[in-house]
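A quick write-up on the structure given underneath.
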Amino acid sequence: MLSGSSLATAINLAYNIAVARFLGPKSFGHATAVYTLLTITSAVTLSFQIISTKAVAQQTSEGGRDAVYRDLHRGAWGCGMLVALLLLLFRQGITNYLNLPTTMLVVLLAIGAAFYVPLGSRRGYIQGAYGFGRLAKNLVLEGAVRLVGSVLAIMLGFGVTGVIAANAAAMIVAYFAIAPKLSAQIPNPLPFRHAFREISQAMVFFSGQVLINNCDIVLVKHFFEPKEAGLYAAVAMIGRVIFAFSSAVVNSMFPVVAGTGHEERKNLSLIATSLLLVLSVGSVFALGLRVTPGWVWTMFFGSSFTLPGPHGFPYLLALYAIMTVIYSLSVVIITYEMSYKISNTSWLQLVFSGVLIASICKFHDSLRQVIMVQLILVIVLLIMVGVWFLIDALRNAKELGKTDSRTIRLIRRISEDDAIAEFLKSEFENAAYRKYHQSLRPIVFTPDAEDQSEAAKRRALLFLRHRALWKELPLDTEWYEAQVSVSDLARVRVFPRAQWRKLARGNFGITEVVERMQRREKASADPFLVKISEIRLGLSQPDSNPGSVLLIGLNETEPLTILDGNHRFVAAVLEGRVDRLRFVCGLSPSMARCCWYKTNLTNLTRYGRNLLRHLVRHPATELESLFERSG
């Protein structure tokens, strides 16, 4: 999602640079003002997107997701037509207020808006179903059509009218390109009263957001000369790049949080990672803008985009970037709360948008003053939003400190070589080990614990596939054979990878995953569920050996994560035969630094660095060397 959104942002940046360079400040100001009107109408679009995301993420069946989407999509089309009608009715007044050259620009905007609102509901469906790749591709497609269409229209002599037509075409193409495939129609499981409250909350939030993000461009277009308004539009465009990145973070975070329970939300690692991403990337961006010389922007936009004096282009760009980063932090906090409850901070943001409009109308002696007014107000907004969030966070942290005093029973201490031997038994049938199946089967399934040469070969075998995984475990990890009973299931989490992420929908507790799996439809047609069924069948046979499950954790009291054996564990829970499994548990006080146990930005960065280091190793060659030395 972040990669696709970054590409879409880069395309939109290229669009703004191309339009600014070819049209000049005056016409670029016209194009930006009209596009800003479309962005303001996105309060409706984004409302339907975020509610569709939340409603779809909270449904446990495909039919329920489709039923919720159908009703929201019909409502989105009704609102889209209403927005288009209002733009057409007031096109002359809008043209006069913004000093536009022709009403045709507003007419083209109305056509695009009619498709833009229902596009939000379609994107919300894909986002709520965790289709981040498809959503990112749709954003890229929209940006590409806008860029190519605008440049082509300018080359053909259509000027700013052609640019707005290309924007409308981008919305239409994006709408038809992301049509979801729906199942048979069933009644909508989302009560109308609940849906109305959610849509109302979203409308309040996005009304405040789009006003804060775009009212300055509209007001500057009204109060300043066309050339100055065009220069300010170029400055604000950089802020939109930063905000687009923060939106990608929010779009990834929102459905995950919406699908989790209260206990999982007590752990603030997800919002902490989101805030850190926005702050770090935005700060680097702002610093880069400040030190970039002015001639660079002249080279990109053209000689007309210059500002004399100490508060030139680099200064205004950096100042606007700082303001956008601070506001983006508030957005992350507000949307985090919106994902699981009705958030009153949405109303606070809307009030601030009104204060912001009034303040710019009062203080607009220079472009710098306009940005300073916004900077002061978004700092106040962040403080107020943050204080309430911290109060809730501290309350939740206090509850989280009341941990369950029960412990996992540790039967006996075992060596790391023993743990590797158990891990390898479940992995050995993989195709990666095909050429070793006959020659090395004895040292895998009937290991000699005293033979260090065998232990070295088993380690090398495991590292053929899982060197990066195993090397992330802390060096002081101690291994035990453990006993896990049904009463311990609440503290066990599945390993968050591959199809398990989609199934868990943000809640990786083994009991919640099993409940979601039991509600899955058409199990026989799903290869993933077929595999679980085959394991369950094996567990029911008295002479079967289902293998071991490897767990990792801080200690025997804290939650445990499955390192290997997701399928076996879930199948055993479904079959009611957890007692048939053997459990190997790796414990370390430093396990929170392992990305397999706790996923956050710091741990993932460490894993990425280690992964690059492991790329230069050749485990197959090392394994062959071991055999040569042993004869």
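The values are calculated or read from the model by the stated rules, or taken from the named source; none is laboratory data. Model, not experiment: these values are computed from the prediction. We place every Cβ from the backbone using ideal geometry, glycine too, and count neighbours over all the protein chains shown. Protein only, heavy atoms only, side chains kept; ligands, DNA and RNA dropped before computing areas. Shrake-Rupley method; radii C 1.70, N 1.55, O 1.52, S 1.80 Å.
Working with all protein chains in place, sort Cys215, Cys361 by solvent-accessible area computed with a 1.4 Å probe, largest first.
My answer, sorted largest first, is Cys361, Cys215.
Just to verify a number: FRET efficiency for Met104 and Leu156, C-beta to C-beta distance, R0 = 22 Å, to 0.05?
After rounding to 0.05, the efficiency reads 0.85.
Given the protein chains as shown and a 1.4 Å probe, how many square angstrom of Arg290 are accessible, to the nearest 10?
120 Å²
Considering only Cα-Cα distances, which of the following residue pairs are longer than 20 Å: Lys457/Lys598; Lys181/Lys531; Lys435/Lys457?
Lys457/Lys598; Lys181/Lys531
Counting heavy atoms of the protein chains only and a 1.4 Å probe, report the per residue accessible area for the range 49-107 as a whole number of Å².
42 Å²
Sort Phe583, Phe132, Phe285 by heavy-atom solvent-accessible area, probe 1.4 angstrom, most to least.
Phe285, Phe132, Phe583
Say R0 is 45 Å: what FRET efficiency, to the nearest 0.05, do Leu279 and Gln438 get from their beta-carbon distance?
The formula returns an efficiency of 0.20 here.
Over the Cα atoms, compute the radius of gyration (one decimal) and Dmax (the largest Cα-Cα distance, rounded to a whole number) for the range 65-195, in Å.
17.1, 52
Around Tyr315, under 14 Å between beta carbons, what's the net of Lys plus Arg minus Asp minus Glu among the other residues?
Charge balance near Tyr315 sits at +2.
Add +1 for every Lys or Arg and -1 for every Asp or Glu among the other residues with Cβ under 9 Å from the Cβ of Ala229, and state the total.
With Lys, Arg at +1 and Asp, Glu at -1, the neighbours total +1.
What number in nm² do you get for the range 49-142 if you take the convex hull of its Cα atoms and divide its surface by four?
The number I arrive at for the range 49-142 is 6.7 nm².
Tell me, how many Å apart are the Cα centres for the range 417-450 and for the range 99-118?
Measuring centre to centre over Cα atoms gives 66 Å.
Excluding Leu219 itself, calculate the net charge of residues whose Cβ lies under 14 Å from the Cβ of Leu219, where each Lys or Arg counts +1 and each Asp or Glu counts -1.
Surrounding charge for Leu219 is -2.
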